[in-house]
Amino acid sequence: MDSLNDQVIKKSPQLQDEIKRLIIELKNAMTLSESDKRLLYQTTSARLVTIINEFELQPKLLEKQLGSYINDLCALFLEDDLAGDAIGNVIYTFAKVCTFKTVALFFSSDVYLFDRLIEKCNDSNEAVRFVSLLWLSNLVLVPFPIETIGNDIRKRLVDGAQISLTTFTNISRTQVAASILYSRLLSRPDCKHLLDSYFERVVTTWPRANSSQKLGTLMIVNKLLKRVELSQEQTKGVYSCIIGDILVSQISNSSLIYSIKVLCKIAVNYIKHGLFENVAEVINNLINDILLSDVTFETNLRYAMAKAMAAIVAQLSFAATNYQSQLVQFIVDLINTDETNVPKIHTTLLTLGYVSLSKNLPMPYQTSCIQLASRFLFFRIPKGTVSIGNQVRDSACFLIWSIVRNLKHSSPLISTVLVNLLQMLVFDELLLKRCSVAVIQEILGRLGSELVNTANQGEFIVNFVSKLGLIRLNQNICYDFIESFYYDIDLSFLVAPLVDVICEQDGNGVYLNKLLQQPEAMELVPKSVIDFNDIVCRLKGANKWHVLFQLDAFEEGYQQFDDFVFDESKLDMIKGYFYSLRYKQLTESDWHNVLNISRHANLFEELKQVISNQDGIPIQEILHYLPHDLNLSRTIFNSRNIDVSQYESLLSLMKDPHVNYAIRANLIDNLAANVPPCFKVQDIYSLFDDYTTTDQGDVGSKVRIATINLVVKNNLIDGTVKLKLIRLSGELMDRIRYLSFKALTGESFSWRRFFLYKLELKEHQCKVEFWKGVAFTTGSVIGNTKIINESFREMLRYGPNDTDFDIWLAFLKRPEKGDKRQAKLVSSVLQLILKLLDANYHFECPVNYHSLFVKCYNLHINTKNSTRVSAILQIFLHISQRCPQLRSRIYGRFLWILTNHPSQELKAFVGEHILFELVDGKDLLSRYELLDWFDITQSDLLFIKSVLE
């Protein structure tokens, strides 16, 4: 499989074409209305951001076209204020991926843009301010006196930058852009007086400044120290401000990061001037006052500190190698043998790693640093239910890798480190496994000729590294490594750590046995001594009997469990107990143990193996436990000899709606995989109709899904099952619809295909089941509106006919008391008919509206179902318009409701929704608006009668 880098390289042409197309789409939006433009800017910029982020691993792929992209985006930024936020976010993403400096280079150098961009620095939108500030940071570098642009230009630039610098305290993108602008302005040769006054103001106002002002100042000073050389007085002033805050602990983490960066640059400056006493003072501040202080030393601080110390070491390598060696030794000595301070360890290892990466680690310290790193390759500290130490192990790998890159020869220590890294690869977490692979490849690539003791060294190393790249890594123990290298290298070094993992957590005894039985193989690292008796003692002590039973050399048998009686204190022994039962006919005591254990642990595979080897089962005891045992419900049909009466008992439980739906679905799934000889497909017909509903919703759907899978898996689709699947193919629930239609036709579901399938149905009952399923979706008033509307559109495309209408009428029967499913069918069919009438659908052949009226009339009397009654009354209105013969009866019904019905809500519904449709004319509408439907007077009734006549 291609690496992420390779994938980006392959996709780059297509991604770049898409970026160009989307930028053109942004430019073309100028012709749209304001609301449409806002929507297009938002959606298109979001897609651009997503695509640009894909180049994060290979930013240089963007740089060839970057100038063109930035020019087009900047033109639109200036042309349309509405595009500001969208363009700002896109340009920021380019800057984040390709660096701010790179993107700023492509901004226009037109000095006439100063005024417009300074105005935009006051915009309320952060993205607009960001682009304006970054653009100005490029313009401010003009190679002529800046006052020629405007007398007040300096002040306006300072004010524009200051707004963003003091607004935030989180190193936001606008703060970074503002600090670049401000520092570049101050570093101009014609702004020397501005620089001097700036530092005077910093020292004077520092005690009164708030946290955001201090952070902004530190960001500017950090940039300035890269561009100009400060005077000793200015340097001392900044240093005093920073140290004062650190010593009284009045500093935020964001400010502390920049304080570390500034102190680093101050120390480098001191080194250049030979002020080594000052350097020592700064280092003392960095280590003792920051790293070893009570500050919560989060990850960003650790990296900032590591890079700062590495930069100081690098500068010392030019000016004073003796001081460099002393500083490296001081850093190494920060960690003692029993150190547990994670921030200190992590920072120290990172520091040494960066020092070595820049080739500034003196050779005498390479061995001691490797020894130091190897001590922390397995560093873990328990913290509650988890352990911490990933970052320490990661930085230990980094340090070893950076040193190995500079080694010319191997040593015995490297062999020891290689063993540790291979153990990390097998047993550590995913990220650390990947780190270990990188270091192993580096070691073998550079030092393999000294480590590999075989005739074909080059071929062996190439094959080894190639296999490493193909191993499937995840969070679990990497048994794939054992499989891949079992016959290539001696793996005895994995035995002890595997036993440790098994004892502490769990593991696969098959692979431990395999390691113990490994034939002679090339020793990439020295062979480990294996004491089998010690392994047995440790596994016994940890109650890992199931692992012991998997070892060929273990000969004690299963006597340990001859008189085993389970209780909750023996949970750690149950895997071993189950292993001892695999090929045994269970006694009554064993069955009692097994059924008790099954409820306490997820031992599905173990339980399945035990049950599958039994000649019989204690059905009464099983029926007692089964309704509450998920493991047992997934395995009971694995028994080899289930007789008819036992099968019928299990079938009854499977159909019992009072039993947990998950248990019933599991039983059906288990039955699907182990169909007994006494099974008949008729036994499961009713399961297709399970619509059990609880607080969790339609839990019966799990039973229906399992039943569909059963008939599909065992090819049990007879005529009745086909009818059930036709109905289920029209249901609202996606998964049931897809599974059913796939079982019927072998095709993927779509509503168009389903209605085309309807045209193939010849039998009347098939058509009945088809509409019964469709009604529950198309006629639904709740659920996914997209699915409901799509089904209705396809129904209109299909064009229902008079035969379909007659089927719908047949559904309109008064439901039996308590028959919720029939009641829902009636409501759904009524809604389906109402939707068709509302859509002004006309049947090609005349349909029997009189029968529809009679059916609806009978359904709306003597019921408190307001949803059904309101739908029927609306249907009555449509019937009155399509069938004039029934108009007087329908209008009479409306009038009776308004006159005599006890429900005020129903009267109001008729008045507000039905009568409103019948009022015609301005005068009538004026009178209609005066009606109070909760207090209808005699004159109101006279008016209503006049409307209904």
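The values are calculated or read from the model by the stated rules, or taken from the named source; none is laboratory data. Quick caveat, the model's predicted, so the values are computed rather than measured. Methodologically, a virtual Cβ is constructed for each residue, glycine included, from the backbone with ideal geometry; neighbour enumeration extends over all protein chains shown.
Observations on the model:
- Unmet requirement for LEU723, which otherwise passes all of (1) under 25 Å from VAL675 (Cβ atoms); (2) out of contact with any Cys (no Cβ under 9 Å at 6 or more places or on another chain); (3) surrounded by 16 or more Cβ atoms within 10 Å (Cβ to Cβ): (2)
- Considering the range 455-471, and only residues there that are loosely packed, with under 13 Cβ neighbours inside 10 Å and over 36 Å from the mean Cα position of the chain (by Cα), the residue that is modelled with the lowest pLDDT turns out to be ALA455.
- The lone exception for LYS786 - which of (1) closer than 29 Å to VAL712 by Cα; (2) touching a helix residue (DSSP H, G or I) at 6+ places or on another chain (Cβ under 9 Å) it fails: (2)
- Going through (1) loosely packed, with under 15 Cβ neighbours inside 10 Å; (2) without any contact (Cβ under 8 Å) to a residue 40 or more places away in the chain one by one, ASN122 falls short only on (2).
- Qualifying positions in the range 671-718 - among the hydrophobic types (A, V, I, L, M, F, W, C), more than 33 Å from the chain's Cα centre (by Cα) and within 17 Å of LYS820 (Cα to Cα): LEU687, PHE688
- Taking residues in the range 252-268 that are in a helix (DSSP H, G or I), and partners anywhere that are crowded, with 24+ Cβ neighbours inside 10 Å and of a type in the set (Lys, Arg), the pairs with Cβ atoms closer than 6 Å and at least 6 places apart or on different chains are SER255/LYS214.
- Of the residues making up the range 708-757, those that are in a loop (DSSP other than H, G, I, E, B), among the aliphatic types (A, V, I, L, M) and closer than 26 Å to LYS786 by Cβ are LEU732, MET733.
- Scanning the range 542-552 for residues that are outside any loop (DSSP other than H, G, I, E, B), farther than 23 Å from PRO497 by Cα and either of a type in the set (Val, Ile, Thr) or modelled with pLDDT of 90 or more (or both) turns up nothing.
- Selection of first residues in the range 47-71 that are touching a residue at least 12 places away in the same chain (Cβ under 8 Å) and closer than 19 Å to SER109 by Cβ and of second residues that are buried (at least 17 other Cβ atoms within 10 Å of the Cβ) and of a type in the set (Phe, Trp, Tyr), restricted to Cβ pairs under 8 Å at least 6 apart or on distinct chains, gives the following pairs, ordered by first then second residue: LEU66/PHE94; LEU66/PHE106; GLY67/PHE106; TYR69/PHE94; ILE70/PHE94; ILE70/PHE106; ILE70/PHE107; ASN71/PHE106.
- Residue count for the range 637-655 satisfying the condition of being touching a residue at least 12 places away in the same chain (Cβ under 8 Å) and under 22 Å from ASP690 (Cα atoms): 8.
- Unmet criterion (only one of (1) buried (at least 22 other Cβ atoms within 10 Å of the Cβ); (2) assigned to a loop (DSSP other than H, G, I, E, B); (3) among the β-branched types (Val, Ile, Thr)) for VAL313: (2)
- Those residues of the range 424-440 which are crowded, with 18+ Cβ neighbours inside 10 Å and not acidic (Asp, Glu), in sequence order: MET424, LEU425, VAL426, PHE427, LEU432, LYS433, CYS435, SER436, VAL437, VAL439, ILE440
- Residue under evaluation TYR625, criteria (1) part of a helix (DSSP H, G or I); (2) over 28 Å from ASP567 (Cα atoms); (3) among the hydroxyl-bearing types (Ser, Thr, Tyr), criterion not met: (2)
- Subset of the range 630-652 [within 23 Å of CYS678 (Cβ to Cβ) and under 38 Å from the mean Cα position of the chain (by Cα)]: LEU632, SER633, ARG634, THR635, ILE636, PHE637, ASN638
- Only residues that are surrounded by fewer than 18 Cβ atoms within 10 Å (Cβ to Cβ) and assigned to a helix (DSSP H, G or I) were counted across the range 558-590, and they come to 9.
- For the range 670-682, residues that are part of a helix (DSSP H, G or I) and either of a type in the set (A, V, I, L, M, F, W, C) or surrounded by 20 or more Cβ atoms within 10 Å (Cβ to Cβ) (or both) total 5.
- The residue list THR296, THR337 contains one member that is free of Cβ contacts under 8 Å to residues at least 40 places away in the same chain and part of a loop (DSSP other than H, G, I, E, B), which is THR337.
- Filter pass, ILE477 being farther than 26 Å from SER368 by Cβ, among the β-branched types (Val, Ile, Thr) and under 34 Å from the mean Cα position of the chain (by Cα): yes
- Residue match in the range 931-942 (condition: part of a loop (DSSP other than H, G, I, E, B), among the aromatic types (Phe, Trp, Tyr), out of contact with any Lys or Arg (no Cβ under 7 Å at 6 or more places or on another chain) and touching a residue at least 24 places away in the same chain (Cβ under 8 Å)): yes
- Options LEU626, LEU607: the member that is buried (at least 22 other Cβ atoms within 10 Å of the Cβ), within 42 Å of the chain's Cα centre (by Cα) and farther than 24 Å from ILE705 by Cα: LEU607
- Condition check for LYS527: part of a loop (DSSP other than H, G, I, E, B) and either touching a Phe, Trp or Tyr at 6+ places or on another chain (Cβ under 7 Å) or charged (D, E, K, R) (or both): yes
- The residues of the range 369-393 that are crowded, with 21+ Cβ neighbours inside 10 Å and of a type in the set (D, E, K, R) amount to a single one, ARG393.
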